[in-house]
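In what follows, a structure is listed as structure tokens, so that the remarks can point back to it.
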Amino acid sequence: MIHISRSVVGAAELEAMGRVMCEDGYLGMGREVRAFEEELQEYLGGQDRAVICLNSGTAALHLAVAAVTSPGDEVLVQSLTFVASFQAISAAGAVPVACEVYPETVTLDLEDAARRITPRTRAVMPVHYASNPGDLEAIYEFARRHGLRVIEDAAHAFGCTYKGRKIGSFGDLACFSFDGLKNITSGEGGAVVTSDPRVIQAVQDARLLGVQRDTEKRYQGARSWEFDVQQQGYRYHLSNLFAAIGRVQLRRFEGEFKPRRIELAQKYRAALTGTRDLQLLHGDPGPIVPHIFPVRVVNGKRDGLRQFLLEQGIECGIHYKPNHLLSLYGGGQEALPVTERLYEELLTLPLHAGLGDKEIDYASAAVVEFLSKASGC
Ligand SMILES: Cc1ncc(COP(=O)(O)O)c(C=O)c1O
């Protein structure tokens, strides 16, 4: 079976975890987390940017939303995203407002989003779907025009660039995920990146149960005994053990994971371009370091292809079931036609940094074989 994705970890990550266990002796949040944050900050660059690590990308999004909205505020977000984006918004007491996407990129449709603005709209959450940030300049111009905060759901987009600048190195707030399958992993983990001092403080405190300025103490190997709490907090901090994995992954990223993911996506694109009933999403591998490789299979061929690929031992996925169809978020009461059509068409082919050329050739050949037969050519 060729798996759709998997973690690519090994001896170096194991050794780093062993070092924390034996030498540091503290598995909670401390020196190792600080080092990971500093290295991420150095990697991303950008002026006055702070990186705050959390124990998941969902936690990062939750605290980012909580820092810039009040309960009842509305956040514009594409329906076609992982449920984590929606859950993060509703966890903060805000209301996710489901928007359409552009079908060519599956990124937020700004004309549709503009029609959904109300006096309660406080923020927009563009999701960098399949690692594509879309037209970020237009997003920021849209936000400026309407006085909105921008929370980039950059869970897929670690290591990607927009017009030569790394995602996270500029803009309002960017949230990454380091879960087991992302461009880099810390086992589980995530980060908020911003230069807003108020947000930095709010997120740092909220990850440690709202204990004020506990982060500084923990980075010195101490903790707070006499403290105050002024805001709702959570147990969302990253552990030293997970940070140790993340640091190794970050070191491997530029030389190993990034070029491999780009190369594999280019191979798919070369093999699948021109295949009948198949449309590649727009976006160039290179600036985009693809976390997943979804394609559009049109004319009702998606489910047949998916079944055929499974029979050939090729696991596929559907990213994602649109959130406006979920009971918690309206149960499909409102129609989003573009999103719903994409939900019928999208199919994600296997992609991870541990895949070989042969496996991509095999998967591409199976796709072409099925679609050319199904098309009667
Ligand atoms: C688009 C998107 N947003 C948010 C998340 C949440 O990240 P995590 O799994 O680290 O909580 C994910 C994870 O898959 C994601 O794909």
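Counting every other Cβ atom within 10 Å of each residue's Cβ, D153, D284, D172 order from fewest to most as D284, D172, D153. Relative contact order, whole percent, for segment 219-351 stands at 23, derived from Cα pairs under 8 Å and 6 or more residues apart. Normalised by the number of residues in the chain, the average gap of Cα pairs under 8 Å and 6 or more apart makes the relative contact order 22 percent.
Based on every Cα atom in segment 254-374, Rg and the maximum pairwise Cα distance Dmax equal 15.3, 47 Å. For L346, the amide hydrogen comes within under 5 Å of the amide hydrogens of V297, counting only partners 5 or more places away or on other chains and with H modelled in the peptide plane. For K182, a cut-off of 24 angstrom between C-alpha atoms picks up these lysines, skipping any fewer than 8 places away in its own chain: K163, K166, K258, K267, K321, K358.
Taking amide H as placed 1.01 Å from N in the peptide plane, the amide H of L281 sits under 5 Å from that of R296, each at least 5 places away or on another chain. Cβ-to-Cβ counts within 10 Å put K166, K217 in ascending order as K217, K166, the fewest first. Comparing G147, G57, G283 in a Gaussian network model of the chain, where Cα atoms under 10 Å apart are tied by springs, the biggest mean-square fluctuation is seen for G147. Gaussian network model of the chain, Cα springs within a sub-10 Å range: biggest mean-square fluctuation belongs to which of K163, K182, K267? Residue with maximal mean-square fluctuation among K163, K182, K267: K163. Once backbone amide H atoms are built at 1.01 Å from N, Q78 has C99, V127 as its partners under 5 Å, excluding neighbours fewer than 5 places away on the same chain. The DSSP beta bridges internal to the chain are antiparallel in roughly 60% of cases. Whole-Hz Karplus values for segment 333-346 come out as 4, 9, 8, 10, x, 5, 4, 5, 5, 4, 4, 7, 9, 6 Hz, taken residue by residue from phi with 6.51 cos²θ - 1.76 cosθ + 1.60 and θ = phi - 60°; glycine and proline positions read x. Think of each Lys and Arg Cβ as +1 and each Asp and Glu Cβ as -1; about the Cα centre, that makes the dipole of the chain roughly 60 debye. In order along segment 274-281, the phi-based Karplus estimate (6.51 cos²θ - 1.76 cosθ + 1.60, θ = phi - 60°) of 3J(HN,Hα) comes to x, 5, 5, 6, 10, 10, 7, 6 Hz; Gly and Pro are listed as x. Taking GluC sites (Glu not before Pro) in DSSP loop states with no more than 11 other Cβ atoms inside 10 Å as exposed sites, the chain has its longest site-free stretch at 1-225. Note that segment 212-217 has calculated 3J(HN,Hα) couplings of 5, 6, 5, 3, 4, 5 Hz, one per residue in order, obtained from phi through the Karplus relation 6.51 cos²θ - 1.76 cosθ + 1.60 (θ = phi - 60°); glycine and proline are x. For segment 176-244, the calculated P(r), taken from all Cα-Cα distances in 10 Å bins from zero up to the bin holding the longest distance, is 20, 46, 30, 4 percent. When segment 240-352 is described by a simple charge dipole with +1 on each Lys and Arg Cβ and -1 on each Asp and Glu Cβ, the residue from L342, C316, P259 located farthest towards its positive end is P259. Sorted ascending by nearby beta carbons within 10 Å, beginning with the fewest, R251, R235, R34 become R235, R251, R34. In this simple spin-label model, placing a label point 7 Å from the Cα along the Cα-to-Cβ direction at both R31 and E334 gives a separation of 5.1 nm. Mind checking the angle between helix 31-44 and the chain's longest principal axis? C-alpha axes, 0 to 90 degrees, to the nearest 10. On a 0 to 90 degree scale, this one is about 50. The calculated FRET efficiency for H146 paired with Q232, based on their beta-carbon distance and R0 = 35 Å, is about 0.80.
Contact order for segment 1-159, expressed relative to its length and based on alpha carbon pairs under 8 Å spaced 6+ residues apart, stands at 17 percent. Could you tell me which residue out of L63, L27, P126 lies farthest along the dipole of segment 11-248 toward its positive end? Charges go on the beta carbon: Lys and Arg +1, Asp and Glu -1, centred on the Cα centre. Projecting each Cα onto the dipole axis, the largest value belongs to L63.
The numbers here are math on the coordinates, done by the rules we state, and not lab data. Remember, it's a predicted structure, so these values are computed and weren't measured experimentally. Note that each Cβ is placed from the backbone with ideal geometry, even for glycine, and that neighbours are counted across all protein chains shown.
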